[in-house]
2 protein chains.
Amino acid sequence: MTTDSCSRQHDVYDASCPCRQLLDLLANKWSALALGALEDGPRRFGALRDRLDGVSPKVLTATLRRLEEQGLVDRTVYPSVPLHVEYELTALGQDACAPLAALRQWAVANIDRFPALTGAA
Amino acid sequence: MTTDSCSRQHDVYDASCPCRQLLDLLANKWSALALGALEDGPRRFGALRDRLDGVSPKVLTATLRRLEEQGLVDRTVYPSVPLHVEYELTALGQDACAPLAALRQWAVANIDRFPALTGAA
DNA sequence: GGATCTTAGTTCCCTTTGGGTACTACGATG
DNA sequence: CATCGTAGTACCCAAAGGGAACTAAGATCC
């Protein structure tokens, strides 16, 4: 139960409901991109910074820490020579990727319907 | 073509691609909630403010204006007695609702897997 | 006729977040 | 001993978020 639509007690429209905070975490540009960038397996900090074009190290760190705190990604430090940190989706993170991937793909598939963004047509 | 995954030219991971801006518009707490609140038909400003618990009029106005600019919602003013403004999804807005509804529903359905948000268990 | 009500905002101010650039720590390597 | 690469942090500034109070326009009440 509670696997479709809204449960009896949780409601994203209620500001005090924890799932509102969850929505706020997921409905975020950098979260959506970071989780997507990890879909294909573990990635290092530098690889993520390169992939998430335009992200500053500070914001990337903050985003990853938030995702880590909530159990969506695992952070593994390899205390090797020039330090090596890997980020990886947890099972929960993998599950969360599905709706976010749909959102990213919708944006790509429908961008042509947004003349104001594509510089008009 | 370009109806699934990424097209050849558009990429949300590219900061300068317009679909990145589109993702930024959609991957936003208030956008996701506002569009969802309009799924069942036109709503007035006050109704949206009540439904989007915790939103300030300023932020709601800004959110709706942004969605209107991009053609996701229509704004209709009825210059009646105590003024009456209705917001309504466009066809484009209705299409955008699908992935956002999935995201909202995922948050509700999986909130129990986030101990840090639900106050631990 | 004047006070009051409603609706849809706007304005002001402050706090939070986002963002860019530069810097640090670490030890291997030259 | 200086240099390099990695993964950040520190600092500072700009933009966005957020709350409370205020505005406008006219109908309605008394």
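Check cross-link reach from residue B:58 to the aspartates and glutamates: straight Cα distance under 16 Å, and skip same-chain residues fewer than eight apart.
B:50, B:68
How well do other chains shield peptide B:27-40, expressed as the mean number of their Cβ atoms within 10 Å of each residue Cβ?
Per-residue shielding by partner chains comes out at 3.
Return the calculated 222 nm mean residue ellipticity for the protein assembly as shown, to the nearest 500 deg cm²/dmol, obtained by summing -39500 (n - 2.57) across DSSP H runs with n ≥ 4 and dividing by the residue count.
Value at 222 nm, helices only: -15000 deg cm²/dmol.
Once you put a point 7 Å from the Cα of residue A:92 and another 7 Å from the Cα of residue A:80, both along the Cβ direction, what distance in nm separates them?
Label-label distance for residue A:92 and residue A:80, simple model: 2.9 nm.
Please compute the net charge surrounding residue A:27, taking Lys and Arg as +1 and Asp and Glu as -1 over other residues with Cβ under 12 Å from its Cβ.
That works out to +2.
Would you mind ranking B:81, A:77, B:59, B:73 so that the residue whose beta carbon has the fewest other beta carbons within 10 Å leads the list?
Ascending Cβ contact count within 10 Å gives the list B:81, A:77, B:59, B:73.
What does the charge count around residue A:16 come to, taking other residues whose C-beta lies under 14 Å from its C-beta (Lys +1, Arg +1, Asp -1, Glu -1)? Walk me through the numbers on the way to the answer.
On the way: positive: A:20; negative: A:11, A:14, A:24, B:53.
Net local charge, residue A:16 excluded: -3.
Report the extension gain between residue A:116 and residue A:59 in nm, rounded to one decimal, defined as 0.36 nm multiplied by the number of residues separating them, less their alpha carbon distance.
17.8 nm is the gain from fully extending residue A:116 to residue A:59.
What average count of beta carbons from other chains do you get within 10 Å of the Cβ of residues in B:44-53?
Shielding by partners across B:44-53 averages 1.
Neighbour counts of other C-beta atoms within 10 Å: give me B:63, A:90 arranged from fewest to most. Walk me through the numbers before you get to the answer.
On the way: B:63 22, A:90 17.
Exposure proxy ranking, most exposed first: A:90, B:63.
Based on DSSP H assignment, which helices of chain A show an axial Cα extent of at least 27 Å together with a mean Kyte-Doolittle hydropathy greater than or equal to 0.0?
Correct list, ordered by number: A:91-110.
Quick one: which residues, 5 or more positions from residue A:11 or on another chain, have an amide H under 5 Å from its amide H? H modelled 1.01 Å from N in the peptide plane, none for Pro or chain starts.
A:19
Full extension from residue B:50 to residue B:66: what is 0.36 nm times the residue separation minus their Cα-Cα distance, to one decimal in nm?
3.8 nm
Every number here is computed from the coordinates shown, using simple stated rules; none is lab data. Since this is a predicted model, take the numbers as computed values, not measurements. All Cβ positions, even for glycine, are placed from backbone atoms using ideal geometry, and neighbour counts span all protein chains on display.
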